[in-house]
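Student: Sharing a structure, written as structure tokens. Questions coming.
The values are calculated or read from the model by the stated rules, or taken from the named source; none is laboratory data. Nothing here was measured: the structure is a model prediction, and the numbers come from that model. In this analysis, Cβ positions are derived from the backbone assuming ideal geometry, glycine residues included, and neighbour counts consider all displayed protein chains. The accessibility values were calculated without ligands, DNA or RNA, using every heavy atom of the protein model including side chains. Shrake-Rupley method; radii C 1.70, N 1.55, O 1.52, S 1.80 Å.
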Amino acid sequence: LADPDMLQVIIRNLINNSIKFTKPGGEIHIECRQLKTNCLFAVRDTGIGMSNNKLAEIFSLKAHSTYGTHNEKGVGLGLILCNEFTEAQNGKIWVESTEGQGTVFYISLPSDEKALEKARQIELFSL
């Protein structure tokens with residue numbers, strides 16, 4: 001039931017962040033599965049992870065931009081946009097992370113079998 005454009009922005013931002021904060025040789029996994037009436041997306045990486053302090057502010061304007069593993073500078077607005085776009089679609093977004101071990105961003109969006117079949121017929125990820 002997701003808006004393809006908003007979903008694409010969310011997924012692209014999460015993948016870009018995973019790339020930015022994962023050292024060469026690390027791994028990034030993207031998963032999607034149907035859970036009853038929701039579709040659950042996960043973007044998992046073996047990157048540098050985040051502290052509990054960073055996690056507490058990750059979706060707020062209090063978050064400070066940080067530098068990636070190759071000194072790429074972020075503006076700090078991407079995750080706020082992801083949060084806004086997810087909530088606009090009656091979804092939820094959350095994150096789990098351990099410093100030095102990696103991060104997983106989860107997105108849960110409303111879905112049903114008809115919506116899932118329609119999503120299979122259109123290209124949601126033209127990355």
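Student: When you go through Ser108, Ser97 one by one, which is the residue that is at pLDDT 90 or above and touching a helix residue (DSSP H, G or I) at 6+ places or on another chain (Cβ under 7 Å)?
Tutor: Numbers: Ser108 fails: touching a helix residue (DSSP H, G or I) at 6+ places or on another chain (Cβ under 7 Å).
The conditions single out Ser97.
Student: On to the next question. Quick one: Gly47 ticks every box in (1) touching a strand residue (DSSP E or B) at 6+ places or on another chain (Cβ under 7 Å); (2) closer than 22 Å to Leu7 by Cβ except a single one, so which number is it?
Tutor: (2)
Student: I'd like the residue in the range 1-47 that is part of a helix (DSSP H, G or I) and basic (Lys, Arg) and, out of all such residues, is farthest from Ser111 (Cα to Cα). Reasoning before the result, please.
Tutor: Initial filter on the range 1-47 (part of a helix (DSSP H, G or I)): 4-20.
Still in the running and basic (Lys, Arg): 12, 20.
Details: Arg12: 20, Lys20: 30 Å.
Among them, the one singled out is Lys20.
Student: Return the pair list, or none, for Cβ contacts closer than 8 Å from residues in the range 77-98 that are over 24 Å from Gly47 (Cβ atoms) and assigned to a loop (DSSP other than H, G, I, E, B) to residues that are open to solvent by less than 30 Å² (accessible area, probe 1.4 Å) and not acidic (Asp, Glu), at least 6 apart or on different chains.
Tutor: Matching pairs, first to second residue: Gln89/Leu7; Gln89/Leu109; Asn90/Leu109.
Student: Just to be sure before I move on: is Ser126 modelled with pLDDT under 70 and of a type in the set (Gly, Ala, Ser) in the structure I sent? Reasoning before the result, please.
Tutor: Numbers: modelled with pLDDT under 70: yes; of a type in the set (Gly, Ala, Ser): yes.
Against the criterion (modelled with pLDDT under 70 and of a type in the set (Gly, Ala, Ser)), Ser126 qualifies.
Student: Against the definition (of a type in the set (Ser, Thr, Tyr) and under 11 Å from the mean Cα position of the chain (by Cα)), how does Ser18 come out, yes or no?
Tutor: On the way: of a type in the set (Ser, Thr, Tyr): yes; under 11 Å from the mean Cα position of the chain (by Cα): yes.
Judged against the criteria, Ser18 is a match.
Student: Which residue is least open to solvent (accessible area, probe 1.4 Å), if the candidates are limited to the range 1-56 and must be of a type in the set (Asp, Glu) and at pLDDT 90 or above? Lay out the reasoning, then the answer.
Tutor: Kept after step one, since they are of a type in the set (Asp, Glu), are these residues of the range 1-56: 3, 5, 27, 31, 45.
From the residues that got through so far, the ones that are at pLDDT 90 or above too are 5, 27, 31, 45.
Values: Asp5: 111, Glu27: 98, Glu31: 60, Asp45: 18 Å².
That would be Asp45.
Student: I've got another one for you. When the residues of the range 57-81 are filtered to those that are among the aliphatic types (A, V, I, L, M) and modelled with pLDDT of 75 or more, which remaining residue is surrounded by the fewest Cβ atoms within 10 Å (Cβ to Cβ)? Steps first, answer last, please.
Tutor: Going through the range 57-81, the residues among the aliphatic types (A, V, I, L, M) turn out to be 58, 61, 63, 75, 77, 79-81.
Right, trim to modelled with pLDDT of 75 or more and you get 58, 61, 77, 79-81.
Working: Ile58: 21, Leu61: 8, Leu77: 13, Leu79: 21, Ile80: 15, Leu81: 14.
Among those that are among the aliphatic types (A, V, I, L, M) and modelled with pLDDT of 75 or more, it is Leu61.
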